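To keep things clear, I will list the structure first and then write my remarks on it.
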Amino acid sequence: MSGCTPPQAEVNSKVFDTLCTEYLEAMSRSPNRDRLLNQWIPLRSLLPEIHMDLKPWFRPPPELLANRPQTPTAAIAKLLAGNQRLLTSTAECACDELYPHSPPKQTPFGIVLGCSDARAPLELVFDAEPNQLFVVRVAGNVLGDECLGSIEYALYNFQESLRVLVVLGHTGCGAVTAAVRTYLSPKRAAGIAFSRSLRSVVNHILVAVRSAALSMEQVWGIDIHQQPGYPEALVELAVALNAAMTAYQLKLELKAHDLKEPEVVYGVIDLVTSRVVGPPDMESVALSPAPNDPSELVGLGVQLARSHAVTKHMNLIRGPFAGDSTTQG
Ligand SMILES: [Zn+2]
């Protein structure tokens with residue numbers, strides 16, 4: 001496809017149209033069609049200036065959320081219709097190399113380990129094109145043997161193109177929430193992680209949850225767990241620590257294999273704002289370098305325990321615990 005270089009705005013427009021076809025279909029059937037279209041069309045006309053706006057996709061109206069196939073047959077038909085739309089849109093390209101005799105060489109510049117959560121599709125989160133990211137998705141973005149094996153496969157086969165390895169957690173992660181509930185209510189653990197496989201996912205995350213709980217106690221005192229909103233705060237902190245710990249583990253793996261690249265980074269995507277943030281800063285769009293040693297992880301936990309992203313879940317009327325002598329994480 002190297003000979004195909006349409007203007008960037010045109011490319012963006014095609015991608016945008018493909019992504020939003022279902023959104024427009026849903027709107028056309030909506031009783032609020034006119035209101036929704038009035039919101040949508042101005043955004044569409046701004047495309048060349050704003051690149052690609054995914055806001056309607058990340059925060060769809062209830063009408064779109066209700067638009068789900070009701071039977072397996074309908075679900076399969078929906079998938080195939082999507083592939084047909086893809087074929088139709090690519091057929092519009094005037095490129096002479098539309099039907100190459102072999103698939104392009106796989107040349108991802110990044111590996112991304114993320115959660116399977118349907119609201120956090122990694123290529124779309126980073127607005128990446130096909131063949132740019134080698135993606136591994138598993139609940140809680142935990143680093144099990146198969147995930148690590150997939151990443152090692154990429155490391156050894158795509159060394160020429162790989163430059164970065166990303167671990168991406170997300171706010172409100174169900175797997176992390178299950179681990180927090182297990183930690184806070186051990187007697188109910190069997191009901192929360194009801195199968196051996198599910199317990200395996202939860203067990204991977206429990207270390208981050210325990211570390212998050214210790215950080216909260218260090219900063220806010222040992223009775224902080226009694227505070228309303230504490231479980232939500234613990235999930236928020238554990239999501240970031242879980243990503244950071246996995247990034248640290250992967251950095252050790254690269255070291256063990258004597259690989260200086262790719263650089264290992266981590267972050268958290270906020271499912272409300274679509275923003276990828278790099279802890280401990282939970283506000284700016286960023287990815288953070290993997291911690292170098294366990295002490296950095298401890299410091300990160302303390303910083304995050306003080307952060308607004310965590311404390312916003314609790315109605316704290318006191319300052320940080322007087323016994324907390326940590327000044328820098
Ligand atoms: Zn998740």
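Some notes on this structure:
- With 0.36 nm allotted per residue and the present C-alpha distance subtracted, the ALA286-ASP270 stretch has 4.6 nm of extension available.
- Sorting 151-157, 136-142 by average packing, meaning the other beta carbons within 10 Å per residue, from highest down gives 136-142, 151-157.
- Computing FRET efficiency as 1/(1 + (r/R0)^6) for LEU79 and ARG137, where r is the C-beta to C-beta distance and R0 is 30 Å, gives about 0.95.
- Going from the fewest other Cβ atoms within 10 Å to the most, the residues SER200, SER215, SER161, SER195 appear in the order SER195, SER200, SER161, SER215.
- Across all directions, the average projected area of the convex hull around the alpha carbons of the stretch 152-216 is 6.2 nm².
- In this calculation the C-beta distance from SER102 to ASP145 is compared with R0 = 30 Å, giving a FRET efficiency of 0.40.
- Here the gap between HIS308 and ASN203, fully extended at 0.36 nm per residue and compared with their Cα-Cα distance, gives a gain of 35.0 nm.
- Applying a threshold of 30 Å to the alpha-carbon distances of LYS105/LYS251; LYS255/LYS312; LYS187/LYS255 flags LYS255/LYS312; LYS187/LYS255 as lying beyond it.
- FRET efficiency, 1/(1 + (r/R0)^6) with R0 51 Å, evaluated for SER89 and SER295 via beta carbons: 0.50
- Translational D in µm²/s for the stretch 76-188 (Stokes-Einstein at 25 °C, 0.890 mPa s, Kirkwood Rh from C-alpha pairs): 146 µm²/s
- Computed extension length for LEU124-TYR153: 8.1 nm, one decimal, from 0.36 nm per residue of separation with the Cα-Cα distance subtracted.
- Value of Rg to Rh for the stretch 110-311 (Rh from inverse mean 1/r over Cα pairs, i.e. Kirkwood): 0.96
Values in this text are rule-based calculations from the coordinates and carry no lab data. Keep in mind it's a predicted model, so treat the numbers as computed, not measured. Cβ: placed from backbone, ideal geometry, glycine included. Neighbour counts: every protein chain shown.
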